Every structure is written in C-alpha cells, then in structure tokens.
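K.L.:
Got a structure for you, questions after.
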Amino acid sequence: MNTILILIPRFGIGGISKIGSFLANTLSSDYRTILVSLVSDNITSMLSNKVIKETLSYNFDDTSISKWVRGLQKVRTVIRLRYLIKKYDVDVICTFGLDLGKIANVAGMGLQCKYLTSERGNPYRYSSKQKQKYDQVVRNADAVVFQTKMAQKAFANCGMESKFYIIQNPAIGRNSDDYKKSSHNILTREKRIVYCGRLSREKNIDMLINAYYKLKNHEYELIIYGDGPEYGHLLELIQMYDLSDYVSIATGCNDVFSIEYNSEIFVLTSNEEGMPNALIEAMMCGMTCIVTDCPPGGCRELLEDGERGILVPVNDVNKLRDSLQLVISNRKLSEQLGNKAKDISITNSIDVIQEKWNSIIRSLV
C-alpha cells in the first residue's frame, strides 16, 4: 500500500486544518495516510481512525524567542520530518502552504518520494524575496494545487502549467455536518447578521461594525464569532458607537453554523482570502452572503461573480451598508440569493472534490 504524508500547520481551528483533515480522510480508504502537524494541539475536525497522527513540535506562534532559537527549532523540525518520511516509507508528501513545501523539500532531499504542494494564501502580497523562494518550491513540486485562478496566475513564470491544478474547498461542515437543508424561507429566518473568522486586522472587521453603525437599522442583531488579537479593539469600537445592545462577540465556538444555520445574512469583510470555509458553510446553510471582492479571488469564484451573493469592494464601508440595506429591504432578492448560494453543496460536493484530489494522487503514485 502506498503511503501519503500530509503536512499542515496545526490540527486545530483554521481553514487548512479542515481541508487537511478532509484530504486525510479521503485518502485513508486507499492509502496509508499520515497527517502531520507542526504543533501539538487539539483536533477540531472529524478525523478517521485510519489516519495516523504525528506532530513535529515546532511552535511557530511563539514570537518571543530569538532568531537563533527559532532557527534551531526549524532544523529540528526538518530532522523530525525526515525521520517520519523514512519511518513510514512515504511515497507522496502533500503540504498545505508553500512554507511547508520548503520544509518538505529539505526534509525529503535524496529520498524517493513525490511532492504535492498547495498555495493557500494570497501570493500577491509576497515580497520579491519571498516570491523567489516560493517559485523554487513550486518548481521542485511534482504537482501544485491552487484554490483560485488568480493565485495560479501569480506563478505563471514558473513554467509548470502542466502540473498546476485548481481545486476549491469541499462543501462540508466543521464536523462533516451538512447543516440544515431547508429552503431559504425568509419568514422563518432569524434576523441576524453573522461574521465568522479570526479577529485579526486583515479580516477588517472594523468595516463591518462601521457599516452596521451607518445602517441605523437595529432590527437585525450582529454577532461576530471568533478569537484573535483584535478582540479588545473591536469591543472598544462597539462601545464607542453605543452598539453593545445590538452587537456581540462570541469566542470559543468551533462549529458556528451548527448554531447559526437559520440566520439570514452572512458577511465577510476581509482584505484578502484564499478560499474561505466560513463562506462555504454559510452558503450551505442558504444564508444571504455579502463579502468583499478581495484577492486572490476566492470569494468571487465561490459566489460566481455575484450570482450567488453580493460582492463589495474591499474597505468600502458605504457599499457594504447599502448592500445590507438592499437585502434587508428586498426580501425577494435575499431569498433568491440564499437559494442560489445552496448550489455550493452540489458544485463543491464531497464526491466532486474528493475525485479531483484522488486524480492527482493517482498520477503521482
């Protein structure tokens, strides 16, 4: 039996954790599959008992250590990964993130294994030095998976087009729950606006709070789900606008849409997004989605250029306010968008996305 090693940053909450677990489950039926995390944390996605779990004990979140200690940790991480590659006689290494692709290249040097790497972020924000490094990772790979056409285009200079693939994320819940499959009936929807994601600056949640304040319509409550460094700042902003009775921040929730599946509106205001799982899950629930048209194009592709939801320019508070007002006042439009959004469960079904990944793996083993 061939062996596939999948390397991810962490087991816990996050889009890469979810897609890494999905791929491990997918491959475990036909291959010996090892899911490896850089750090040792709790697994939040449903994982098959066929999947072997390993960790490399590299704490990349600790910014307090010196660059020399960090360098030593990286060396130990490479050595540990090389040990695992040999221990399990790995045939294919699949990495989520080009940084991890670099680690895999070094760890597997001289060993007989293939490399599949995947770009999960926004390549257009890389410095020229970073881009050169990642170009080399792409050239060393036997296959490269992108989430969007825009992201793929950033690496056109590598001359690897024949080994490039685009695969969107699957339409599955955090715990493989398909949520509710009822139609988008406006009369039964809760009048709530929901955000779900990390509370960090690049998510630009200020834009959402500012737009909600300008909306001057508090018939709809706003619930912000997430954790992160912007928590305190966002609380201050809510208090400054005197919105505490209408806007709340909920932390520590691992499966938001098992709670909010019947809410009406989902908003994502990021400055950049790869292929946001939160948006996919909101679409599965039939929510009316309003998102920023941010690079590298994942939101636009998921919403099919605005057919399945509303796209607004990045950081355009007034346009977001107007879009919220539009779907609140136009009930027919909101219902139509919610019903179209649910098509994601067909186009991005587990079977469809599994076969795309399986096809690549079959070509490598």
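K.L.:
Would you point out which residue out of Tyr212, Tyr241, Tyr231 is surrounded by 21 or more Cβ atoms within 10 Å (Cβ to Cβ), assigned by TED's automatic domain parsing to the domain that holds Asn330, over 17 Å from the mean Cα position of the chain (by Cα) and among the aromatic types (Phe, Trp, Tyr)?
P.N.:
Of the residues listed, the single one that is surrounded by 21 or more Cβ atoms within 10 Å (Cβ to Cβ), assigned by TED's automatic domain parsing to the domain that holds Asn330, over 17 Å from the mean Cα position of the chain (by Cα) and among the aromatic types (Phe, Trp, Tyr) is Tyr212.
K.L.:
Which of the residues belonging to segment 296-320 are in a helix (DSSP H, G or I), hydrophobic (A, V, I, L, M, F, W, C) and closer than 26 Å to Lys216 by Cβ? Steps first, please.
P.N.:
Our first condition is that a residue be in a helix (DSSP H, G or I); within segment 296-320, this holds for 298-302, 317-320.
Among the residues that remain, those that are also hydrophobic (A, V, I, L, M, F, W, C) are: 299, 302, 317, 320.
Answer for segment 296-320, where residues must be in a helix (DSSP H, G or I), hydrophobic (A, V, I, L, M, F, W, C) and closer than 26 Å to Lys216 by Cβ: Val317, Leu320.
K.L.:
With the requirement that a residue be surrounded by fewer than 14 Cβ atoms within 10 Å (Cβ to Cβ) and at pLDDT 75 or above, what does segment 54-65 give you?
P.N.:
Once the filter is applied, which keeps residues that are surrounded by fewer than 14 Cβ atoms within 10 Å (Cβ to Cβ) and at pLDDT 75 or above, segment 54-65 yields only Ser57.
K.L.:
Hey, can you tell me all the residues within segment 10-31 that are crowded, with 17+ Cβ neighbours inside 10 Å and either farther than 18 Å from Thr95 by Cβ or of a type in the set (S, T, N, Q) (or both)?
P.N.:
Ile13, Ser17, Ser21, Asn25, Thr26, Ser28
K.L.:
I would also like to ask the following. Is it the case, given these coordinates, that Ile280 is under 24 Å from Asn25 (Cβ atoms), buried (at least 17 other Cβ atoms within 10 Å of the Cβ), assigned by TED's automatic domain parsing to the domain that holds Gly15 and aliphatic (A, V, I, L, M)?
P.N.:
On the way: under 24 Å from Asn25 (Cβ atoms): yes; buried (at least 17 other Cβ atoms within 10 Å of the Cβ): yes; assigned by TED's automatic domain parsing to the domain that holds Gly15: no; aliphatic (A, V, I, L, M): yes.
Here the answer is no, as Ile280 does not meet what is asked.
K.L.:
Could you tell me whether segment 314-326 includes any residue that is of a type in the set (Gly, Ala, Ser) and within 19 Å of the chain's Cα centre (by Cα)? Give the steps one after another, and end with the answer.
P.N.:
From segment 314-326, those of a type in the set (Gly, Ala, Ser) are 323; that's our starting set.
Retained after the next criterion (residues that are within 19 Å of the chain's Cα centre (by Cα)): none.
No - not one qualifying residue is present in segment 314-326.
K.L.:
Against the definition (among the small types (Gly, Ala, Ser) and either exposed (fewer than 13 other Cβ atoms within 10 Å of the Cβ) or in contact with a Leu (Cβ under 6 Å, 6 or more places away or on another chain) (or both)), how does Ser118 come out, yes or no? Please lay out each step first, then the result.
P.N.:
On the way: among the small types (Gly, Ala, Ser): yes; either exposed (fewer than 13 other Cβ atoms within 10 Å of the Cβ) or in contact with a Leu (Cβ under 6 Å, 6 or more places away or on another chain) (or both): no.
So Ser118 does not fit the description; no.
K.L.:
What's the number of the only condition in (1) buried (at least 16 other Cβ atoms within 10 Å of the Cβ); (2) modelled with pLDDT of 95 or more that Lys87 fails to meet?
P.N.:
The number of the failed condition is (1).
K.L.:
Something else now. What single numbered condition from (1) crowded, with 16+ Cβ neighbours inside 10 Å; (2) among the basic types (Lys, Arg); (3) touching a Gly at 6+ places or on another chain (Cβ under 7 Å) fails to hold for Lys102?
P.N.:
Among (1) crowded, with 16+ Cβ neighbours inside 10 Å; (2) among the basic types (Lys, Arg); (3) touching a Gly at 6+ places or on another chain (Cβ under 7 Å), Lys102 violates only (3).
K.L.:
May I pose another question? Which of the numbered conditions does Gly121 fail, given that it passes all the others? Conditions: (1) touching a strand residue (DSSP E or B) at 6+ places or on another chain (Cβ under 7 Å); (2) modelled with pLDDT under 90.
P.N.:
(1)
K.L.:
Just the residues that are assigned to a helix (DSSP H, G or I) and modelled with pLDDT of 95 or more, please, taken from segment 235-279. Let's see the steps before the verdict.
P.N.:
Narrowing segment 235-279 to residues assigned to a helix (DSSP H, G or I): 235-240, 257-260, 277-279.
Residues satisfying the conditions are Leu235, Glu236, Leu237, Ile238, Gln239, Met240, Leu279.
K.L.:
Right, here's the next one. Within segment 198-234, count every residue that is among the hydrophobic types (A, V, I, L, M, F, W, C) and in a loop (DSSP other than H, G, I, E, B).
P.N.:
First, pick out the residues of segment 198-234 that are among the hydrophobic types (A, V, I, L, M, F, W, C): 199, 205, 207-209, 211, 215, 222-224, 234.
With in a loop (DSSP other than H, G, I, E, B) added as a condition, the list becomes 199.
Residues meeting the conditions: 1.
K.L.:
Continuing with this model, one more query. Tell me the residue from Asn204, Asn175, Asn185, Asn157 that is within 23 Å of the chain's Cα centre (by Cα), modelled with pLDDT under 95 and more than 30 Å from Asp89 (Cβ to Cβ), please.
P.N.:
Selected residue: Asn175, the only one of Asn204, Asn175, Asn185, Asn157 that is within 23 Å of the chain's Cα centre (by Cα), modelled with pLDDT under 95 and more than 30 Å from Asp89 (Cβ to Cβ).
The values are calculated or read from the model by the stated rules, or taken from the named source; none is laboratory data. Nothing here was measured: the structure is a model prediction, and the numbers come from that model. With ideal geometry, Cβ positions are generated from the backbone for all residues, glycine too; neighbour counts draw on all protein chains shown.
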